Amino acid sequence: SGVESAKKIAAYKAVEENLPGDAKVVGVGSGSTVVYVAERLGQMANKNQFVCIPTGFQLKQLILDNGLTLGTIEQYPTIDIAFDGADEVSPGKLDLIKGGGACLFQEKLVASATDNFVVVADFRKKSPQYLGTNWNKGVPIEVVPNSWVYVTRRLKELGAKQVILRQGGSAKAGPVITDNNNFLIDADFGSIKDPAALNTKLLAIVGVVETGLFVNMTKKVYFGDEDGTHSVWQ
Ligand code: DER
């Protein structure tokens with residue numbers, strides 16, 4: 001499909017054009033687009049020279065499936081380059097909404113451990129201006145389980161229009177449990193004109209572990225476009 005081939009070209013071009021020949025530690029995020037990042041890394045001639053740092057259970061498996069060497073962020077707290085997907089990207093500052101895949105904590109940890117954070121996404125993820133425009137499922141927020149009702153109250157006081165504890169649906173009775181044994185709340189703030197300010201307010205709420213607002217962290221974004229080409233925002 002147009003979306004699937006867009007994901008693939010974004011991922012392949014991002015790896016081909018940014019993976020340093022002497023890379024030692026490579027972070028790989030979560031989701032469906034980074035599947036192609038792991039695939040392309042697995043084809044690189046220098047694949048045995050670097051270790052890959054996962055951002056959750058999905059990526060541990062994907063790294064091993066592609067014959068890549070698995071490392072941990074405990075062993076490698078400094079990462080040469082990291083690739084990850086996004087749910088929405090704002091033009092200009094390249095701020096992101098992430099967390100659609102419920103892996104935002106380890107994704108943000110890996111993204112903060114590198115100076116070379118490269119995002120890969122299909123054309124649907126481009127925001128026309130502000131975050132919260134195309135992505136309408138709210139800002140994903142990881143919370144300590146027993147704080148979720150209190151955090152919900154505080155988010156509504158901050159002006160969230162809708163606050164939902166993410167449920168497992170048909171996959172799991174009850175709330176989604178993250179890879180870090182926490183809950184996820186999706187808080188809809190509509191169009192977000194100042195993601196940095198909102199992120200600061202969210203992080204100040206007791207019980208909030210991390211947010212899906214990736215502010216001032218992204219170096220480049222590779223998009224696969226509908227016409228089969230790719231474009232780069234930086
Ligand atoms: O949760 C995330 O932030 C993931 O990176 C994910 O949402 C990216 O989406 P994708 O499956 O369309 O790549």
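The values are calculated or read from the model by the stated rules, or taken from the named source; none is laboratory data. Here the structure is a predicted model, which means the values were calculated and not measured. For neighbour counting, all protein chains shown are included, and Cβ atoms are generated from backbone atoms with ideal geometry for every residue, glycine included. Remember, those area values only see protein heavy atoms, side chains included, never the ligands or the DNA or RNA. Shrake-Rupley method; radii C 1.70, N 1.55, O 1.52, S 1.80 Å.
For segment 155-169, the condition holds for at least one residue, the condition being that it is in contact (Cβ under 8 Å) with a residue 40 or more places away in the chain and under 22 Å from VAL89 (Cβ atoms).
No other residue among ALA38, ALA14 is hydrophobic (A, V, I, L, M, F, W, C), outside any loop (DSSP other than H, G, I, E, B) and in contact (Cβ under 8 Å) with a residue 40 or more places away in the chain apart from ALA14. Starting from residues that are within 18 Å of GLY159 (Cα to Cα) and open to solvent by 30 Å² or more (accessible area, probe 1.4 Å), keep the ones in segment 123-134 and report whichever is modelled with the lowest pLDDT. So the residue we want is THR133.
Evaluated against (1) of a type in the set (A, V, I, L, M, F, W, C); (2) touching a strand residue (DSSP E or B) at 6+ places or on another chain (Cβ under 6 Å); (3) not in a strand (DSSP E or B), ILE185 falls short on exactly one condition, (3).
Just give me the residues in segment 58-91 being closer than 30 Å to THR133 by Cα and either modelled with pLDDT under 95 or not small (Gly, Ala, Ser) (or both), in sequence order.
Step one: list which residues in segment 58-91 are closer than 30 Å to THR133 by Cα, which gives 58-59, 81-91.
Those that are closer than 30 Å to THR133 by Cα and either modelled with pLDDT under 95 or not small (Gly, Ala, Ser) (or both): GLN58, LEU59, ILE81, PHE83, ASP84, ASP87, GLU88, VAL89, PRO91.
Looking across GLY212, GLY190, one residue alone is farther than 22 Å from LEU109 by Cα and not basic (Lys, Arg). It is GLY190. Residues being over 16 Å from VAL15 (Cβ atoms), within 13 Å of the ligand (Cβ to nearest atom) and in a loop (DSSP other than H, G, I, E, B) are represented in segment 56-67 by at least one member. Count of segment 83-115 residues, restricted to those that are touching a helix residue (DSSP H, G or I) at 6+ places or on another chain (Cβ under 7 Å) and more than 8 Å from the ligand (Cβ to nearest atom), is 4. Restricting attention to segment 4-50, which residues are within 13 Å of the ligand (Cβ to nearest atom), among the hydrophobic types (A, V, I, L, M, F, W, C) and open to solvent by 20 Å² or more (accessible area, probe 1.4 Å)? VAL35, the sole residue that qualifies. ILE164 satisfies every condition listed in (1) buried (at least 18 other Cβ atoms within 10 Å of the Cβ); (2) assigned to a strand (DSSP E or B) except (1).
Just need a number here: residues in segment 105-122 that are among the β-branched types (Val, Ile, Thr) and either surrounded by fewer than 16 Cβ atoms within 10 Å (Cβ to Cβ) or under 22 Å from ILE185 (Cα atoms) (or both).
Step one: filter segment 105-122 for residues among the β-branched types (Val, Ile, Thr), giving 110, 114, 118-120.
Going one step further and asking which of them are either surrounded by fewer than 16 Cβ atoms within 10 Å (Cβ to Cβ) or under 22 Å from ILE185 (Cα atoms) (or both), we end up with 110.
Residues that pass the stated criteria total 1.
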